[in-house]
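Readers should treat all values here as calculations from the given coordinates under stated rules, not as data from a laboratory. Worth saying up front: this structure is predicted, and the values here are computed from it rather than measured. Every residue, glycine among them, receives a Cβ derived from its backbone with ideal geometry; neighbour counts consider all protein chains shown.
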Amino acid sequence: METPLESFNRLRDEVAQHRAARERMALAEDADRRRLERELHDGPQQHLVAVAVNLQLARDLVDTDPEAARALLDELGGDVQRALDETAKLAQRIYPPLLESVGLAAALRAAAVSTGARLRVEVGPLEGCPPAHAAAAYFCCLEVLERAGEGAQAEIDVRILDGALAFEVVADSLLDTALGDLGDRVEALGGRLTVQSEHGAGVRMSGAFEARA
């Protein structure tokens, strides 16, 4: 049985750990916002700038060189499509609509298509799973798929174990071992995450959350 001092020390440590996890989560969210800003600038924004420039050029050429104007308009179509594709990818990183509308399995399969991974997904019944836990699992798996690279073979298993969400993602290659602050994100929701990885040799990531009382 704990003494009053031992109980006080344990509670103090738990509070400190919770505060540290919240601080790491805030830093991770800030890093995500900066990364999204860079990706918006380097992706869709650049294509839209090209669209604006080519629209002006096409307008100037309509009367003097219709053929050149048509060629520019064809190029505009490509720029617009690339901007749409990259915007859709960024939207998947913020919060994929499929995750809320049709569930985790469909969202993960869509992520595999966008990253070029060859994916096998096994998702069991997830009744009662908190949306925040499903979202955390999705983003952990997405990070692995993106780092695995196009053509990588990956397997994802998600299910309810002991009343809480558990997931595992395995990929046969890993181009970049910088998997971000995923552990902090999971821990901030009362879970735990383990990652075994080696550059060029694949990765195994396992996560689990505590059951809600």
Item to check | Over the stretch 44-90, relative contact order from alpha-carbon pairs under 8 Å, at least 6 apart, % | outcome: 51 percent
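Which order, highest average first, do 126-139, 3-16 follow once you tally other Cβ atoms within 10 Å for each residue and take the mean per peptide?
For the peptides 126-139, 3-16, the packing ranking is 126-139, 3-16.
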Next on the checklist: With unit charges on the beta carbons (Lys and Arg positive, Asp and Glu negative) and the dipole taken about the Cα centre of the chain, which residue among Leu40, Asn54, Gly128 sits farthest to the positive side?
Outcome noted: Gly128
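Subtracting the Cα-Cα distance from 0.36 nm times the residue separation, let me have the gained length for Lys89 to Gln45 in nm, one decimal.
Between Lys89 and Gln45, full extension yields 14.5 nm more.
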Next on the checklist: Whole-Hz ³J(HN,Hα) for each residue in the stretch 133-150, computed from phi via Karplus 6.51 cos²θ - 1.76 cosθ + 1.60 with θ = phi - 60°, x for glycine and proline: what do you get?
Outcome noted: 5, 4, 5, 4, 4, 4, 5, 5, 5, 4, 4, 5, 4, 5, 6, 6, x, 5
Item to check | Percent RCO, i.e. relative contact order, over the stretch 32-123, from Cα pairs under 8 Å lying at least 6 residues apart | outcome: 25 percent
Checklist entry - Using θ = phi - 60° and the Karplus curve 6.51 cos²θ - 1.76 cosθ + 1.60, what whole-Hz ³J(HN,Hα) does each residue of the stretch 3-16 get, with Gly and Pro shown as x? => result 7, x, 5, 5, 5, 4, 5, 5, 5, 4, 5, 5, 5, 5
Next on the checklist: Let me check against my output: what whole-number percent is the relative contact order of the chain, with C-alpha pairs under 8 Å and at least 6 apart?
Outcome noted: 16 percent
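Once the cut-off is 11 Å, how many percent of the Cα-Cα pairs in the stretch 44-90 end up in the long-distance tail?
61 percent
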Checklist entry - Using +1 on the beta carbon of Lys and Arg, -1 on that of Asp and Glu, and nothing else charged, what's the dipole of the chain about the Cα centre, debye to 20? => result 480 debye
Item to check | Reduced Cα scattering model of the chain, Debye log10 I(q)/I(0), q = 0.11, 0.16, 0.17 Å⁻¹ | outcome: -0.66, -1.09, -1.18
Checklist entry - Which whole-Hz ³J(HN,Hα) couplings does the stretch 35-45 yield from phi under the Karplus relation 6.51 cos²θ - 1.76 cosθ + 1.60, θ = phi - 60°, glycine and proline marked x? => result 5, 4, 4, 5, 5, 5, 5, 7, x, x, 4
